[in-house]
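Working notes for the structure below.
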Amino acid sequence: DPFLVNGTLRMFLHPSHVKSEAEEKAGTNYAVFKAMSYKTQCAAGTNFLIKVRNGDDHAHLCVWEKLPCYGGDFQLSNIQQFKTQADPIEYF
């Protein structure tokens with residue numbers, strides 16, 4: 001998989017790029033924060049819908065990669081908490 005390498009999405013130099021945003025939105029601290037799987041969706045850039053393991057639980061993140069003409073950076077758009085490993089990743 002070109003995007004997922006050893007549980008870290010290639011687009012992020014380090015998972016902490018969205019970890020701190022996710023912790024802030026969720027109101028918690030994650031001791032474990034490992035990308036397990038993802039889907040992509042094109043939308044004026046790319047939405048990465050990412051299943052993240054955070055300890056015994058999972059969360060789904062929607063991370064938007066802006067188009068290069070708008071800076072090309074990444075922004076955490078949304079988070080769904082209290083997911084399981086079996087929950088499918090769907091746009092939210």
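Filtering region 73-92 to residues that are polar (S, T, N, Q) and surrounded by 14 or more Cβ atoms within 10 Å (Cβ to Cβ) leaves Ser77, Asn78, Gln80, Gln81. Among the residues of region 43-75, the ones that are more than 14 Å from Gln85 (Cβ to Cβ) and outside any strand (DSSP E or B) come to 9 in all.
For every residue, the table says whether it meets (1) crowded, with 16+ Cβ neighbours inside 10 Å; (2) free of Cβ contacts under 8 Å to residues at least 60 places away in the same chain; (3) out of contact with any strand residue (DSSP E or B) (no Cβ under 7 Å at 6 or more places or on another chain).
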position: Glu21; (1), (2), (3): yes, yes, no
position: Glu24; (1), (2), (3): no, yes, yes
position: Gly27; (1), (2), (3): no, yes, yes
position: Ala43; (1), (2), (3): no, yes, yes
position: Lys51; (1), (2), (3): yes, yes, no
position: Asn54; (1), (2), (3): yes, yes, yes
position: Asp57; (1), (2), (3): no, yes, no
position: Lys66; (1), (2), (3): no, yes, no
position: Gly71; (1), (2), (3): no, yes, yes
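Scanning region 45-92 for residues that are of a type in the set (S, T, N, Q) and either under 10 Å from the mean Cα position of the chain (by Cα) or closer than 22 Å to Gly27 by Cβ (or both) gives Asn47, Asn54, Gln75, Ser77, Asn78, Gln80, Gln81, Thr84.
When region 13-42 is filtered for residues that are assigned to a loop (DSSP other than H, G, I, E, B), closer than 15 Å to Glu65 by Cα and either touching a Phe, Trp or Tyr at 6+ places or on another chain (Cβ under 7 Å) or modelled with pLDDT of 85 or more (or both), only Pro15 remains.
The values are calculated or read from the model by the stated rules, or taken from the named source; none is laboratory data. Every value quoted in this text rests on a predicted model; they were computed, and no experiment measured them. Using ideal geometry, Cβ is built from the backbone for each residue, glycine included, and neighbour counts are taken over all protein chains shown.
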